[in-house]
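Participant: Submitted below is the structure of interest, expressed as structure tokens.
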Amino acid sequence: MSRPKPAERSAFSVFYPVPTRWADNDIYGHANNVVYYAWFDTVVNQFLIERGGMRPGEDTTVGFVVSSSCNYFAPVTYPQQLEIGLRIERLGNSSVTWELGVFLAGESHSRATGSFTHAFVDRAANKSAPVPDDIRSAIERAFQL
């Protein structure tokens with residue numbers, strides 16, 4: 001198996017600014033791997049709230065993270081301004097797989113590239129549900145699917 005390569009900035013159409021914080025650094029002087037997953041969760045949910053009309057705590061259909069991964073290519077540390085790129089790897093009937101690229105402001109190659117899958121579930125029944133129409137529409141518009 002060959003090692004993945006950094007993602008190109010041009011592969012992403014949606015970006016969110018994310019500043020690093022003092023608390024992100026670990027004993028080795030760079031952002032700890034768990035911090036990347038918090039950034040991914042924040043960016044995806046910001047997209048879902050702002051563009052997909054998600055209402056945390058109120059929606060009857062919710063997205064559960066069922067899979068996540070990340071490949072690291074270069075360190076990130078505090079203080080740096082990041083730009084997290086977002087694109088769709090797969091849009092299914094009841095799930096979405098997002099791909100995220102962690103870039104320093106203005107850089108053309110990712111410092112890390114991650115994947116994050118949401119499976120949508122009817123909260124009351126705890127059963128699989130279709131991707132909500134507003135979210136599907138927002139994804140199709142933003143990513144030209």
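The values are calculated or read from the model by the stated rules, or taken from the named source; none is laboratory data. Computed from a prediction, not measured in an experiment: that's the story for all the values here. Heads up, the Cβs are rebuilt from the backbone with ideal geometry, glycines too, and the neighbour counts pull from every protein chain shown.
Participant: Condition test on THR61, is it within 21 Å of PHE15 (Cα to Cα) and either of a type in the set (A, V, I, L, M) or in contact (Cβ under 8 Å) with a residue 24 or more places away in the chain (or both)?
Facilitator: Values: within 21 Å of PHE15 (Cα to Cα): no; either of a type in the set (A, V, I, L, M) or in contact (Cβ under 8 Å) with a residue 24 or more places away in the chain (or both): yes.
Criteria not met by THR61.
To keep it simple, each residue is scored yes or no on (1) in contact with a helix residue (DSSP H, G or I) (Cβ under 9 Å, 6 or more places away or on another chain); (2) farther than 20 Å from PRO4 by Cα; (3) modelled with pLDDT under 95.
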residue: ASN45; (1), (2), (3): no, yes, no
residue: LEU48; (1), (2), (3): yes, yes, no
residue: PRO75; (1), (2), (3): no, no, no
residue: LEU82; (1), (2), (3): yes, yes, no
residue: ARG87; (1), (2), (3): yes, no, no
residue: SER95; (1), (2), (3): no, yes, no
residue: THR113; (1), (2), (3): no, no, no
residue: VAL121; (1), (2), (3): no, yes, no
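Participant: Let me ask something else. Every residue in the range 58-109 that is hydrophobic (A, V, I, L, M, F, W, C) and over 21 Å from GLN144 (Cβ atoms), please.
Facilitator: Answer for the range 58-109, where residues must be hydrophobic (A, V, I, L, M, F, W, C) and over 21 Å from GLN144 (Cβ atoms): VAL62, PHE64, VAL65, VAL66, CYS70, PHE73, ALA74, VAL76, LEU82, VAL102, LEU104, ALA105.
Participant: Right, here's the next one. With (1) buried (at least 18 other Cβ atoms within 10 Å of the Cβ); (2) more than 16 Å from LEU48 (Cβ to Cβ) as the list, and THR77 as the residue in question, which single condition is left unmet?
Facilitator: Every condition holds for THR77 apart from (1).
Participant: Please tell me if GLY101 is under 23 Å from TYR16 (Cα atoms) and more than 17 Å from the chain's Cα centre (by Cα).
Facilitator: Working: under 23 Å from TYR16 (Cα atoms): yes; more than 17 Å from the chain's Cα centre (by Cα): no.
No, not satisfied.
Participant: For the range 14-35, which residues satisfy the criterion of being polar (S, T, N, Q) and in contact with a Leu (Cβ under 8 Å, 6 or more places away or on another chain)?
Facilitator: Residue satisfying the conditions is THR20 alone.
Participant: Of the residues in the range 33-53, how many are farther than 17 Å from THR113 by Cβ and free of Cβ contacts under 8 Å to residues at least 60 places away in the same chain?
Facilitator: Qualifying residue count for the region: 4.
Participant: For the range 82-127, enumerate the residues that are of a type in the set (Lys, Arg), part of a strand (DSSP E or B) and in contact (Cβ under 8 Å) with a residue 60 or more places away in the chain. Please lay out each step first, then the result.
Facilitator: Filtering the range 82-127 for residues of a type in the set (Lys, Arg) gives 87, 90, 111, 123, 127.
Remaining after also requiring part of a strand (DSSP E or B): 87, 90, 127.
Across the range 82-127, the qualifying residue is only ARG87.
Participant: Residues to consider are PRO130, PRO56, PRO75, PRO79; find the one that is without any contact (Cβ under 8 Å) to a residue 24 or more places away in the chain and assigned to a loop (DSSP other than H, G, I, E, B).
Facilitator: From the options PRO130, PRO56, PRO75, PRO79, the qualifying one is PRO56.
Participant: It is to be established whether one or more residues within the range 16-23 are charged (D, E, K, R) and either under 15 Å from the mean Cα position of the chain (by Cα) or under 18 Å from THR117 (Cα atoms) (or both). Quick ask: steps written out before the conclusion?
Facilitator: Just the residues of the range 16-23 that are charged (D, E, K, R), to begin with: 21.
Cutting the leftovers down to either under 15 Å from the mean Cα position of the chain (by Cα) or under 18 Å from THR117 (Cα atoms) (or both) gives us none.
No, every residue in the range 16-23 fails to be charged (D, E, K, R) and either under 15 Å from the mean Cα position of the chain (by Cα) or under 18 Å from THR117 (Cα atoms) (or both).
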